[in-house]
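Below is a structure I'd like to ask you about.
Values in this text are rule-based calculations from the coordinates and carry no lab data. Because the structure is predicted, anything quoted here is derived from the model rather than measured. Glycine gets a Cβ as well: all are built from the backbone with ideal geometry, and neighbour counts include every protein chain shown.
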Number of protein chains: 4
Amino acid sequence: MKPVCLVLGAGAGIGGNVGMRFARGGYHAALCRRSDEDGLHKLVEGIEGEGGSASGYLLNAVEPDSIEKRVAAIEAEIGPIEVVVFNLGAQIGDRALADTSYKAFEVGWRLATFGLFRLASAVCPLMEQRGKGTILVTSATAAVRGNRGQHSHAAAMGGRRMLCQTLNAEFSPKGIHVAHILIDGAVDAPDTLGKMLGPEGFQQLREARGMEHDGLLLPAEIADTYFHIAQQHRSAWTHELDLRSFSDRPWWNH
Amino acid sequence: MKPVCLVLGAGAGIGGNVGMRFARGGYHAALCRRSDEDGLHKLVEGIEGEGGSASGYLLNAVEPDSIEKRVAAIEAEIGPIEVVVFNLGAQIGDRALADTSYKAFEVGWRLATFGLFRLASAVCPLMEQRGKGTILVTSATAAVRGNRGQHSHAAAMGGRRMLCQTLNAEFSPKGIHVAHILIDGAVDAPDTLGKMLGPEGFQQLREARGMEHDGLLLPAEIADTYFHIAQQHRSAWTHELDLRSFSDRPWWNH
Amino acid sequence: MKPVCLVLGAGAGIGGNVGMRFARGGYHAALCRRSDEDGLHKLVEGIEGEGGSASGYLLNAVEPDSIEKRVAAIEAEIGPIEVVVFNLGAQIGDRALADTSYKAFEVGWRLATFGLFRLASAVCPLMEQRGKGTILVTSATAAVRGNRGQHSHAAAMGGRRMLCQTLNAEFSPKGIHVAHILIDGAVDAPDTLGKMLGPEGFQQLREARGMEHDGLLLPAEIADTYFHIAQQHRSAWTHELDLRSFSDRPWWNH
Amino acid sequence: MKPVCLVLGAGAGIGGNVGMRFARGGYHAALCRRSDEDGLHKLVEGIEGEGGSASGYLLNAVEPDSIEKRVAAIEAEIGPIEVVVFNLGAQIGDRALADTSYKAFEVGWRLATFGLFRLASAVCPLMEQRGKGTILVTSATAAVRGNRGQHSHAAAMGGRRMLCQTLNAEFSPKGIHVAHILIDGAVDAPDTLGKMLGPEGFQQLREARGMEHDGLLLPAEIADTYFHIAQQHRSAWTHELDLRSFSDRPWWNH
């Protein structure tokens, strides 16, 4: 039986590519996303087409019990979850305070902070019993600095980063590896950046950043580092790392 | 007419002392706290007794509209709010993940993060119209590092810190001074630390930290720095600073 | 006898203004700078002209024993040094690695890092004996992030910042207050910024940043915060704070 | 011809193991250390014994021209240096300020900060011409916080960290990958920790931290992450990451 890698937020960007990478590395990829059942099927079929093992689920993370039940069902039906990838974002674009509704602020937290808390509450007891497990958390620049217009996103991601540290403090000595992976730049991802910019804007950015097609973060390359982190020996674990394109500036140099 | 300094979280520790300090400095202190009407009256009377101006209000910050209505009422009845002090904490002691309920996690956010967002949403438009204003935010060690057992507190304070940065990014150029004040140590405060430790435990800690009675952070001394920050000329504003007792170790040296 | 405030780097910007502020606050200002004896005399006369007490010294901080002898002479001839302000910069403008000589890199360290180590080695034993003292260190953005072209400056300031933390760790419990003051923006200082930009460029920047003449950090206003930090009660000391103009962006938002 | 991986500081801990890992990955390992020619030979023979390619050199990094000449000789005699590992430490144990001589403070800088500057000055022009290259810098907790007694070490490492950022800012867009690798814990290394503690103390620590022999950072496992970082695609580079044992606390939780 293959170990399971559960991905929350498995679109065509980081989440889907990380799922593929773990499938290639011998895991069953359990892929969850909110919508686009077709895209989900293609992802699963793509993995199976190259000989891997995967399953796909629609999951609305803000809905009560959605995460908790999915974790329980996977453990019961597929097998022990060895790795979880929390890849839910909460970027809603730049909005002035006056244009940021209470609801938007709360939804940001509910997805990006509370979602991780719920996931951890569900998987940590299982991983603790088994004495091992890995929680990989996709993070964003907004987790380390609050930029103009990012009230909802930065508050949610700043909370998420501290939560990664408290989870690490409690569970690292119990054999659970928590990693906070700071994606510090634009990702070449049609489902998120592509939708935010529209097809033309997205293509323009890709060409502008081009430089042999790697001026944006390529999700397949990101996935290699996610996989490496999950394979680190427990005597040498990474808790926090950043990732960006060579041609981009780090957040502190802007 | 005196300028108004509104304090959310005006107990016998930092909040009350900051109110007194601003009253001494010529402000009307509008003091809000959740409970203990007697303590609130004493605070107001103490300020009036030394010739200052103050008013007191019970306010439950998690209740919808409580902050918003209080801001509106003070502006209408007392005068323009020049300084707000956001001093609501969300420390619930150390709790393992398994002992941290969804509700406890959410209440931490609702008080410590969303409360500030609501306060800022209410006062920033007023301050922006006047081209000036000061928002002083009491913060805690948990805003910069997540310790074991601090899941709810650290997630809430980490979000709060990033929110201070996004508020600063939008409103500093409009003349609004946002300061994130990191209280990095135990405060000699009967209402919070005192209640958490119980009367005997609190007295023991005070004696152990004694060293001429200043091994804990003294709220009256903290208040002097709050007042200074609010008086800084806008050509030389502080956004973030830490405060701790000389005999205590900074968070990074523990 | 007045307590002494010794300033290393007392030009017409932060250093001189901090000296004036402490003189107004009842200190004897002992002002040291590398060159411009005329400017130094004017500074001393300016302070004396408003009833304060000051003395001036030319001091080349990279010269062996220069700092050590000045400290000893002031203690012997004027009185106990209660406050030292280490205000030596090492900004040499942006230079590519290929244009940064070994010598330039070393001089940066010698001034900005080793200079503080020597100063601390000279004053800490004296302050420790007296059970009190204050060391205020002017710092720069380069202490917290390394920007392009800042090889020498950033390496020197990054070292200086860590040195402030080690000094604080050893001497804070002994009653010595060490503060690392991050000047995060351009200072309206003719001796440093003015010389770097030339008279016309300096004037242009002042006008561009103008906004009622406070879009640059005004040294006289900075000085108020230096003075406040030195007056903080030891139960509530600040180790690190930032200062910038309201209209400027913090380093993390660029 | 194999690409060259040059290691400065190739003892029996991180440096030697990283050399071995790169040799296994198809690089020629050029190993430099200050002393112990026997240990160096064994390292080279060990690599050759398993079919790898390596050469060893004694190199005193504080000596003028030592690094520069070694780089030139390797490029001339062996081949293009694709990866350099700067693994020189400057830990001298905890010393009070009064026990930290000017010389000790300077040597720390000369090894840990200036050494990297000299190495970068030598290799960056070569790597820039080739449009690629990797600089892996071993770092320590003291680079991010200054602890008691660490005056020399923290000042040197803090400077080194900022230098890594300035190098990254200039050379990342030119295809040179600079990584700052924070080793945040005790390494199971006989040459450094072993010598500092003595044979008995070292053995005691190993047993205390035991927990199946991985309570200390194991250098062979660290080496896997160094190798991964050097293989990252340039669209997804890591500049900073931490490494510690699962059973150890991160620096911010102490």
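Structure shown: which of C:42/C:195; C:2/C:132; A:132/B:103; C:195/D:174; B:2/B:132 lie over 21 Å apart, alpha-carbon to alpha-carbon? Display every interim value, and only then the final one.
Numbers: C:42/C:195 19 Å; C:2/C:132 15 Å; A:132/B:103 28 Å; C:195/D:174 32 Å; B:2/B:132 15 Å.
The pairs that break the limit, which is 21 Å between Cα atoms, are A:132/B:103; C:195/D:174.
Also: Rg and Dmax of region A:1-85, Cα atoms, in Å?
11.6, 35
Whole Å is fine, so just give me how far the alpha carbon centre of region A:135-175 lies from that of region B:20-42.
Centre-to-centre distance over Cα atoms comes out at 35 Å.
Loop sites only, by DSSP: take the GluC sites (Glu not before Pro) in chain B that have at most 10 other C-beta atoms within 10 Å and name the longest stretch containing none of them.
On the way: sites that count: B:50, B:212.
It runs B:51-211.
Using only DSSP helix segments of four residues or longer, with each worth -39500 (n - 2.57), what per-residue ellipticity at 222 nm results for chain B after dividing by its residue count and rounding to 500? Intermediate values should be presented prior to the final figure.
On the way: 8 runs with 108 residues, N = 254.
Rounded to the nearest 500, it is -13500 deg cm²/dmol.
I need the shape label for region B:102-154. Rule: rounded when a/c is under 1.5, else prolate if a/b > b/c, else oblate, with a, b, c from the alpha carbon gyration tensor.
Working: a/c = 5.54, a/b = 2.10, b/c = 2.64.
The shape class here is oblate.
Could you list C:69, C:2 so that the one with the fewest beta carbons within 10 Å of its beta carbon is first and the one with the most is last? Write down the numbers at each step before the final one.
Numbers: C:69 13, C:2 17.
Ordered from fewest to most neighbouring Cβ atoms within 10 Å, C:69, C:2 come out as C:69, C:2.
Along each of the three principal axes of the Cα atoms of region D:41-122, give the extent in whole Å, ordering the values from largest to smallest.
Each principal axis gives a Cα extent; for region D:41-122 these are 50, 27, 18 Å.
Here is a follow-up. May I have the extent of the alpha carbons of region B:97-254 along their three principal axes, as whole Å values ordered from largest to smallest?
The Cα atoms of region B:97-254 stretch 50, 41, 28 Å along their principal axes.
If we hang a label 7 Å off Cα along the beta carbon direction at residue C:204, how far is it from the matching labels on the other copies, in nm, shortest first?
Relative to the other copies, residue C:204 has label-point distances of 3.0, 6.7, 6.8 nm.
For a footprinting-style exposure proxy, rank A:28, D:153 by other Cβ within 10 Å, fewest first.
Working: A:28 23, D:153 29.
The order, fewest Cβ neighbours first, is A:28, D:153.
Relative contact order, percent, of region A:1-155 when contacts are C-alpha pairs under 8 Å separated by at least 6 residues? Before the final figure, lay out each step's value.
Values: 241 pairs, mean separation 37.5, N = 155.
So the answer I get is 24 percent.
Please state the relative contact order of region C:92-181 as a whole percent: Cα pairs under 8 Å, 6+ residues apart?
In percent, rounded to a whole number, it is 41.
Once Rh for region D:123-206 is found with the Kirkwood sum over Cα pairs, what is the Stokes-Einstein diffusion coefficient at 20 °C and 1.002 mPa s, in µm²/s? List each step's numbers first, then the result.
Working: Rh = 14.7 Å.
My calculation gives 145 µm²/s for D.
I've got another one for you. Can you check what the net charge comes to around residue B:209, using other residues whose Cβ is under 9 Å from the Cβ of residue B:209 (Lys, Arg +1; Asp, Glu -1)?
Overall, the nearby charge balance is -3.
Still on this model: Order of D:209, D:160 from fewest to most other C-beta atoms within 10 Å?
Numbers: D:209 19, D:160 31.
So the residues, fewest neighbours to most, are D:209, D:160.
Provide an ascending nm list, one decimal, of label-point separations from residue B:93 to the equivalent residue in each further copy; define each label point as 7 Å from Cα along Cα→Cβ.
Result for residue B:93, in nm, nearest copy first: 4.3, 4.7, 6.3.
Given the options A:166, A:114, A:71, identify the residue whose Cα lies farthest towards the positive end of the charge dipole of chain A (+1 on Cβ of Lys, Arg; -1 on Cβ of Asp, Glu).
Projecting each Cα onto the dipole axis, the largest value belongs to A:166.
On to the next question. Which net charge results when you count Lys and Arg as +1 and Asp and Glu as -1 among the other residues whose beta-carbon is under 9 Å from that of residue D:240? Walk me through the intermediate numbers first.
Working: positive: D:161; negative: A:240, A:242, D:242.
Within the 9 Å Cβ shell, the charges total -2.
If you add up the charges near residue A:103, with Lys and Arg at +1 and Asp and Glu at -1, over every other residue whose beta carbon is less than 13 angstrom from its beta carbon, what do you get?
Numbers: positive: A:95, A:110, B:118; negative: A:99, A:106.
Surrounding charge for residue A:103 is +1.
Among A:123, A:194, A:43, whose Cα projects farthest towards the positive end of the dipole of chain A, with charges put on the beta-carbon of Lys, Arg (+1) and Asp, Glu (-1)?
A:123
Based on DSSP H assignment, which helices of chain B show an axial Cα extent of at least 27 Å together with a mean Kyte-Doolittle hydropathy greater than or equal to -1.0?
Working: long enough: B:151-171 (30 Å, -0.20).
Helices meeting the span and hydropathy rule in chain B are B:151-171.
For chain A, what proportion of DSSP beta bridges, expressed in % and rounded to the nearest 5, is antiparallel? Walk me through the intermediate numbers first.
Working: 0 of 33 bridges.
Percent antiparallel among DSSP bridges in chain A is about 0.
Hey, another quick one. Restricting the count to DSSP beta bridges whose residues both fall in the protein assembly as shown, what percent are antiparallel, rounded to a multiple of 5?
Numbers: 6 of 138 bridges.
Beta bridges within the protein assembly as shown, antiparallel portion: roughly 5 percent.
Report, by chain and number, residues whose modeled amide H sits under 5 Å from the one on residue A:134, excluding near sequence neighbours (fewer than 5 apart, same chain).
Long-range HN contacts for residue A:134: A:83, A:84, A:177.
Right, another one. Take the alpha carbon gyration tensor of the protein assembly as shown, find the square roots of its eigenvalues, order them as a ≥ b ≥ c, and report rounded if a/c is under 1.5; if not, report prolate when a/b exceeds b/c, else oblate.
Numbers: a/c = 1.64, a/b = 1.12, b/c = 1.46.
Oblate shape, in that a/c is at least 1.5 and b/c is the bigger or equal ratio.
Please state the charge dipole magnitude for region A:97-254, taken about the Cα centre, from unit charges on C-beta atoms (+1 on K and R, -1 on D and E), reported in debye and rounded to the nearest 20. Before the final figure, lay out the partial values.
Working: 16 positive and 16 negative charges, 133 e Å.
Charge dipole, region A:97-254, about its Cα centre: 640 debye, nearest 20.
Using a label point 7 angstrom from Cα along Cα-to-C-beta, what distances in nm, from shortest up, separate residue B:233 from the other copies?
2.9, 5.4, 6.0
Also: Step by step: find N for region D:1-143, compute 2.2 N^0.38 Å, then divide the Cα radius of gyration by it. What's the final number?
Details: Rg = 15.5 Å, N = 143, 2.2 N^0.38 = 14.5 Å.
Expressed relative to 2.2 N^0.38 Å, the Cα Rg reads 1.07.
Residues with amide H under 5 Å of residue B:13's amide H, sequence separation 5 or more or different chain, H placed in the peptide plane at 1.01 Å from N; which?
Here the answer is B:191, since their amide H atoms fall under 5 Å of that of residue B:13.
Let me ask something else about it. With springs connecting C-alpha atoms under 10 Å apart, model chain C as a Gaussian network and identify which of C:122, C:169, C:61 has the largest mean-square fluctuation.
Evaluated over chain C, the most mobile residue of the options is C:169.
Check residue B:55: other-chain or 5+ apart residues with amide H under 5 Å from its amide H, H built from backbone geometry?
B:29, B:30, B:31
Let me ask something else. So, with +1 on the Cβ of K and R and -1 on the Cβ of D and E, and no other charges, what is the size of the charge dipole of the protein assembly as shown about its Cα centre, to the nearest 20 debye? Walk me through the numbers before you get to the answer.
On the way: 100 positive and 116 negative charges, 0 e Å.
For the protein assembly as shown, the charge dipole is close to 0 debye.
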